[in-house]
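What follows draws every value from the coordinates through simple rules; no lab data is involved. These numbers were taken from a predicted model, which means no experiment stands behind them. Please note: Cβ atoms are built from the backbone with ideal geometry, for glycine as well, and neighbour counts cover all protein chains shown.
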Amino acid sequence: MIVLNLACKNFRNLENINISPCEEMNVICGENAQGKTNILESVWLFTGAKSFRTNKDNNFIKFGTEKAVCKLDFKSEGIEKNAEITIKEKREVSLNGKKIKSASAFAGNFNAIVFSPNDLSLVSDGPNVRRKFLDTAIGQLYPAYINILKNYIRAVTQRNKIIKDFKYDSTLSIMLDVYENEISQNGEKIINFRKRYIEVINEFLGNVYDGISGGREKIETEYISSYSDDLSEKLKFARKEDMFSGVTSIGPHRDDLEFKINGISARNFASQGQKRSIALAVKLSEAEVIKKNVGECPVILLDDVMSELDPLRQDFILNHIKGMQSFLTCCDESNIKNLIAGKKFIIKNGRVV
């Protein structure tokens with residue numbers, strides 16, 4: 001997957017930009033609030049996903065204008081294509097001049113992976129962030145997983161309602177059996193999907209993290225389950241306790257993914273630089289998994305990744321992400337002085353200068 005040309009008009013503060021990136025590393029330099037991240041965001045929207053910054057499309061339109069327009073020329077599977085997004089009250093998308101019924105329906109035509117400062121939460125925050133990462137990554141590769149997850153969440157929601165009312169109506173035990181059976185069936189599928197995905201991403205994660213850390217540290221991952229053995233039986237056993245709490249206490253909605261550096265919990269003991277390195281390694285490994293499954297690399301979007309990294313880790317990002325077109329934002333040009341090959345764009349007040 002290669003971006004050949006990107007043009008944006010009135011997208012956030014981008015008045016009228018037109019850039020033709022190279023096929024390797026593209027560095028977008030500028031001071032804060034000049035539009036660097038806006039460029040990455042405009043590329044990301046062509047994946048069909050929501051923004052990694054906001055859920056409101058009207059935030060994309062430059063103040064005082066009626067609409068924003070982004071155009072992307074790209075190459076996929078050796079074929080040159082063009083796409084356009086027009087944003088008014090909602091997004092309108094076309095591919096090779098033909099209108100697509102919705103922005104989300106464009107998904108699969110253009111693939112990208114984005115790393116932003118918010119991704120540090122993958123290591124630092126609670127288990128729900130890591131579960132969301134797994135579910136999103138798996139859902140992109142296996143659409144059937146999305147429905148399995150929806151059915152599971154619906155069954156858990158219904159069980160939660162029933163256990164709150166059970167003390168007033170014991171006949172609800174029949175409905176508990178129904179929903180616990182659904183939770184068990186879908187829950188086992190979810191865990192199997194997650195564990196298989198972790199196995200695949202681990203094929204790449206160790207080597208990627210070795211490259212980022214210069215081989216000084218070793219990364220490990222472990223799937224932490226909230227139960228063992230038969231989920232259906234565990235749910236029945238947990239009924240009494242769950243009736244006091246009002247929530248379902250076990251199942252994949254309570255599981256976690258743990259990262260360790262040299263055998264020690266990264267969440268509790270890693271430095272900010274190490275946490276940033278882990279999150280970045282996970283994202284780059286996710287790109288490798290996509291390449292393995294769809295046959296070509298996604299475009300890599302790296303927002304503010306260089307801060308809090310030592311020179312060795314910065315050098316890896318600049319010069320050793322091979323075979324993937326990358327876009328990287330940077331405020332301090334001294335951080336990219338060791339860039340060996342690539343292209344640099346300077347942005348100021350929403351314009352490339």
(request) Please build a GNM for the chain, connecting alpha carbons under 10 Å apart, and tell me which residue among Tyr145, Tyr179, Tyr168 fluctuates the most. (result) Tyr168
(message) Highest mean first, how do 315-325, 86-96 rank when packing is the count of other Cβ atoms within 10 Å averaged over residues?
(response) 315-325, 86-96
(message) Given contacts defined as C-alpha pairs under 8 Å and at least six residues apart, what's the relative contact order of the range 212-270, whole-number percent?
(response) 48 percent
(request) Go from 0 up to the bin containing the longest alpha carbon distance in the range 45-141, width 5 Å each, and give me the % of pairs per bin. (result) 2, 11, 19, 20, 17, 15, 10, 5, 1
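Please tell me the relative contact order of the range 213-353 in percent, rounded to the nearest whole number, where contacts are Cα pairs under 8 Å and at least six residues apart. If you can, show how the numbers build up before the last one.
Numbers: 132 pairs, mean separation 27.1, N = 141.
Reported as a whole number, the value is 19 percent.
Quote to one decimal, in nm, the extra length available between Ser170 and Asp125 on full extension: 0.36 nm per residue of separation minus the C-alpha distance between them.
Values: separation 45, 0.36 × 45 = 16.20 nm, distance 3.87 nm.
Separation in residues times 0.36 nm, less the Cα-Cα distance, equals 12.3 nm.
Applying a 10 Å radius around every beta-carbon, put 35-41, 196-202, 284-290 in order of their mean neighbour count, most first.
Working: 35-41: 24.0, 196-202: 15.7, 284-290: 22.4.
Those peptides, ordered most packed to least, come out 35-41, 284-290, 196-202.
Can you order the peptides 10-17, 274-281, 297-304, 336-343 by their average number of other Cβ atoms within 10 Å per residue, highest first?
274-281, 297-304, 10-17, 336-343
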(request) Kindly state, to the nearest 0.05, the FRET efficiency for Lys101 paired with Ile264, given R0 = 51 Å and r defined as their beta-carbon distance. (result) 0.55
(message) Over the chain, what is the relative contact order in percent, taking alpha-carbon pairs closer than 8 angstrom and at least six residues apart?
(response) 27 percent
(request) Rank Met25, Leu95, Thr47 by how far each Cα sits towards the positive end of the charge dipole of the chain (+1 on Lys, Arg Cβ; -1 on Asp, Glu Cβ) and give me just the farthest. (result) Leu95
(message) With viscosity set to 1.002 mPa s at 20 °C, what whole-number translational diffusion coefficient in µm²/s follows for the range 123-267 from Stokes-Einstein and a Kirkwood radius over Cα pairs?
(response) 128 µm²/s
(request) Between Lys98, Lys292, Lys283, find the one with the highest GNM mean-square fluctuation for the chain; connect C-alpha pairs within less than 10 Å. (result) Lys98
(request) Over all directions, average the projected area of the Cα convex hull of the chain and note it in nm². (result) 19.8 nm²
(request) Please work out the FRET efficiency for the pair Asn207 and Asp230, using the Cβ-Cβ distance as r and a Förster radius of 45 Å; give the result to the nearest 0.05. (result) 0.75
